[in-house]
There are 2 protein chains.
Amino acid sequence: MAASIKDVAKEAGVSIATVSRVLNDVDVVNEETKKKVLDAIKKLGYRPNIVARSLKTQRTKTIGILIPDISSQFYPEIVRGTEDVANIYDYNIMLCNSDSDLEKEKEYLRVLKEKMVDGVLYMSSSLEPEILNLIKQLELTTVLVETKDPEDIFPSVTIDNRAAAYDAVRYLTEKGNKKVAYIGAYRDVVTAWAKRYLGYEEALKDSDLEVNENLTFFGELKAQTGYEGINKILEKEESIDSLFCASDEIAMGAINALRDKGIRVPEDVDVVGFNDIYAASIFYPKLTTVSQPMYDMGSVAMRMLIKLVNNKEVDHKQYVLPYNLIERDSCKK
Amino acid sequence: MAASIKDVAKEAGVSIATVSRVLNDVDVVNEETKKKVLDAIKKLGYRPNIVARSLKTQRTKTIGILIPDISSQFYPEIVRGTEDVANIYDYNIMLCNSDSDLEKEKEYLRVLKEKMVDGVLYMSSSLEPEILNLIKQLELTTVLVETKDPEDIFPSVTIDNRAAAYDAVRYLTEKGNKKVAYIGAYRDVVTAWAKRYLGYEEALKDSDLEVNENLTFFGELKAQTGYEGINKILEKEESIDSLFCASDEIAMGAINALRDKGIRVPEDVDVVGFNDIYAASIFYPKLTTVSQPMYDMGSVAMRMLIKLVNNKEVDHKQYVLPYNLIERDSCKK
């Protein structure tokens, strides 16, 4: 039989109310009494009923995490970063896969509110006004990851996707490449991913190269898109000398398509990917790619959120983390 | 201002106690009254305080999930399977990364008990008696995934790792291979992974081949182990004609090591991996591998757990799911 709060009160020689005050960290208990209570708790191995306490304190020490899909190559490391920090501060995470489906996101937000999570990390490459409004309406303390709201009302953790893509494409043009292809996410969706195309365009202009529609292909951020993309691009253009892809999956699919056509990477075509997922460094050839600090995005966001739910000040609310171009074997040296 | 239980009672023309009985699904409310209450709930958009209700019903509609590491290549898809099923039945998951650290596992189990989760999915390739005892002591309804207890006391979802490895190695020997190497997890740990070695030994014997220590290498289930393993094995033996690896990561590392030595896969060496992770079908050459039904392991386990926490019968408690040898391009046809 587990020890109850009554047993602790008896052992410490104080009232139940006093034990409760110690547990809830209300600062009206003198140090000596506090010590007695804590000793009794330790001796009896008492574990308070957190759920009952949650009702009183309106804190559950639980953070809701809304992500598109934990089984993608991108989110697991971010989630790991969040949970490691949560664990340090005695928080737990409630994980919700939204599939970027608006109705599912809304339902999860409502459920998280009902379950009285202390805060929410919202991860997505996009952000619908409806979601922002619901978060406001439910008064959920929220940090955005990978995306931000247009007015910077919500705290966020992102990287500069446009600048990262710009750097990657400049890296290709500075090697003397003239026909730089691009395979990425659909342009009509305004997302973190779509911004990568803007960086591509800008880099071409700054390299005195024209943007040639025939050299671009848009689809999902998947290997299949890369494979298809190469085939479509090479139907329209005789050759390319380099390729920037908005994800590593696309880059790997594209390299497989090039290989099937007898075109060598990097001898014939330089390829740069994006994200630095696990497979990037195992793939042959090892991918040169823009590394997103996925673990850090999760841990920085969680640290900020825990500060916010505890009404502590945060240095700045819009964190833009550094990215990094990792040179491996898919570009000529 | 959100509607309260009082507002619902007023709207429906019943007492608060009646609304509460409807919410908690106690069967003493007549259908007509129940309908009135449900209509009022709908009309007012009332959402009950789940935390307060949890204390009363002793149910939180939350399941704790203990895994070694969400950022590995293996667990995300299992977790996705669990969450999809949880979502169907209005459960949420609380995700805990244990790093297979015994102390961390114990602490998480205690926290999950305190947070009154309805049940726990425990995932690990191993299982310490201490963990089993703690689960019993805390009276946590638990389903084991990927592992099982020696006495089959706990329900579990696994695959037959020994048989799967046996089949993979027989596949190699039936192609006429005589020098089948093995790179896998340390043998001294009794885990799901170590069983794969037993399948290897057995298959060699049944193929009238001798087990040659020089052809084996043990380490972690990582690409690095595969890379090192090939180098060590080829220091001792002049050549191998095939290789079975206890993980796809190992297989990919090994293939990279073979490539660096100018040895071709599959022309010179047939390679079979294990798990069928995402990268396996993108890698060059595409990996022939034993596919574990990761998503299904998660969804079957969650379905069983939800039945158990609702005191419903389950057909059988020890689920052994089918595996599948996927033939791709890392073995000769």
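Laboratory data are not the source of any read-out in this text; all were calculated from the coordinates shown. Small disclaimer: the values here were computed from a predicted structure and weren't measured. Cβ: placed from backbone, ideal geometry, glycine included. Neighbour counts: every protein chain shown.
Residues considered: A:ALA279, A:ALA52, A:ALA165. Largest GNM mean-square fluctuation over chain A, using C-alpha springs under 10 Å, is found at A:ALA52. On C-alpha positions alone, give me the angle between the axis of helix B:75-88 and the longest principal axis of chain B, in degrees, nearest 10. The two axes meet at around 20 degrees. Relative contact order, whole percent, for chain A stands at 17, derived from Cα pairs under 8 Å and 6 or more residues apart. As a rough footprinting exposure proxy, the listed residues B:ASP39, B:ASP7 were ranked by other beta carbons within 10 Å of their own, and the order from fewest upward is B:ASP39, B:ASP7. A simple rule links phi to the HN-Hα coupling: the Karplus curve 6.51 cos²θ - 1.76 cosθ + 1.60 with θ = phi - 60°, which for region A:97-108 gives 9, 9, 6, 6, 8, 4, 5, 5, 4, 5, 5, 4 Hz, with x for Gly and Pro. Principal-axis analysis of the Cα atoms of chain B puts helix B:223-236 at an angle of about 20° to the longest axis.
In plain terms, the bigger the Kirkwood radius, the slower the diffusion; for region B:161-291, with that radius from Cα pairs, at 25 °C and 0.890 mPa s, Stokes-Einstein puts D at 175 µm²/s.
When the pairs A:LYS261/B:LYS175; B:LYS6/B:LYS312; A:LYS36/A:LYS56 are compared against a 26 Å limit on Cα-Cα distance, A:LYS261/B:LYS175; B:LYS6/B:LYS312 fall above it. Amide H contacts for B:SER124 (H built 1.01 Å from N in the peptide plane; partners 5 or more residues away or on another chain; cut-off under 5 Å): B:VAL145, B:THR147.
Considering only the Cα atoms of the protein assembly as shown, their convex hull presents on average a projected area of 34.6 nm². For region B:7-107, the list of chymotrypsin sites (Phe, Trp or Tyr not before Pro) that fall in a loop by DSSP and count at most 15 other C-beta atoms within 10 angstrom reads B:TYR89. Of all DSSP-defined beta bridges confined to chain B, some 10% are antiparallel rather than parallel. Each Lys and Arg Cβ is given +1 and each Asp and Glu Cβ -1; about its Cα centre, region A:145-193 then shows a dipole of about 520 debye.
In a Debye calculation with equal point scatterers on the alpha-carbon sites of region A:41-118 and no solvent, what is log10 I(q)/I(0) at q = 0.15, 0.23, 0.27 Å⁻¹? The Debye formula, applied to the Cα set alone, gives -0.63, -1.10, -1.24. For B:ILE93, the residues whose amide H sits under 5 Å from its own are A:LEU95, B:ILE63, ignoring neighbours fewer than 5 places away on the same chain, with H placed 1.01 Å from N.
The radius of gyration of the Cα set in region B:42-200, together with its Dmax, comes out at 19.6, 74 angstrom. Each principal axis of the Cα cloud of region B:108-184 was taken in turn, and the coordinate range along them, longest first, works out to 57, 20, 19 Å. Just list whichever of A:LYS148/A:LYS333; A:LYS61/B:LYS34; B:LYS35/B:LYS307 have alpha carbons separated by over 30 Å in the model shown. Beyond 30 Å between Cα atoms: A:LYS148/A:LYS333; A:LYS61/B:LYS34. Our Cα-only numbers for region B:5-48 put the radius of gyration and Dmax at 8.9, 24 Å. Listed by chain and number, the lysines placed with their C-alpha closer than 17 angstrom to that of B:LYS104 are B:LYS113, B:LYS115; residues fewer than eight positions away on the same chain are left out. Say we join alpha carbon atoms closer than 10 Å with springs in a Gaussian network model of chain A; which of A:VAL19, A:VAL157, A:VAL111 then has the biggest fluctuation? Result: A:VAL19 has the largest fluctuation of those listed. Principal-axis analysis of the Cα atoms of chain B puts helix B:195-206 at an angle of about 40° to the longest axis. Farthest towards the positive end of the charge dipole of the protein assembly as shown, among the residues A:GLN292, B:PRO150, A:THR62, is the Cα of A:THR62, using unit charges on the Cβ of Lys, Arg, Asp and Glu. Derived scalar couplings between HN and Hα for region A:300-315 equal 5, 5, 5, 4, 5, 5, 5, 4, 4, 5, 9, 6, 9, 6, 10, 4 Hz in order, rounded to whole Hz, by the Karplus curve 6.51 cos²θ - 1.76 cosθ + 1.60 (θ = phi - 60°), x for Gly and Pro.
With the largest listed first and rounded to whole Å, the semi-axes of the equivalent ellipsoid of chain B from the Cα gyration tensor are 51, 19, 16. Dipole orientation for region A:161-291: of the candidates A:ALA279, A:LEU209, A:ALA254, A:ALA279 has the Cα lying most toward the positive pole (charges on Cβ; Lys, Arg +1; Asp, Glu -1).
How big is the charge dipole of region B:155-242 about its Cα centre, in debye rounded to the nearest 20, if each Lys and Arg gets +1 on its Cβ and each Asp and Glu gets -1 on its Cβ? If you can, show how the numbers build up before the last one.
Values: 12 positive and 16 negative charges, 45 e Å.
Value, rounded to 20: 220 debye.
So what is the 222 nm mean residue ellipticity for the protein assembly as shown from helices alone, if each DSSP H run of at least 4 adds -39500 (n - 2.57) and you divide by all residues, rounding to the nearest 500 deg cm²/dmol? Don't jump to the answer; show the numbers that get you there.
Working: 24 runs with 284 residues, N = 666.
Result for the protein assembly as shown, helices only: -13000 deg cm²/dmol.
Taking amide hydrogens as placed 1.01 Å from N in the peptide plane, the amide H of A:THR60 sits under 5 Å from those of A:ASP118, each at least 5 positions away in sequence or on another chain. Label-to-label distance for A:TYR89 and B:LYS35 is 5.0 nm, based on points extended 7 Å past Cα in the beta-carbon direction.
Which of the chymotrypsin sites (Phe, Trp or Tyr not before Pro) found in region B:166-213 are loop residues per DSSP with 14 or fewer other Cβ atoms within 10 Å of their Cβ? Those satisfying the criteria are B:TYR186. Whole-percent P(r), region B:264-333, all Cα pairs, 5 Å bins from 0: 4, 15, 20, 15, 11, 9, 9, 8, 5, 3, 1, 0.
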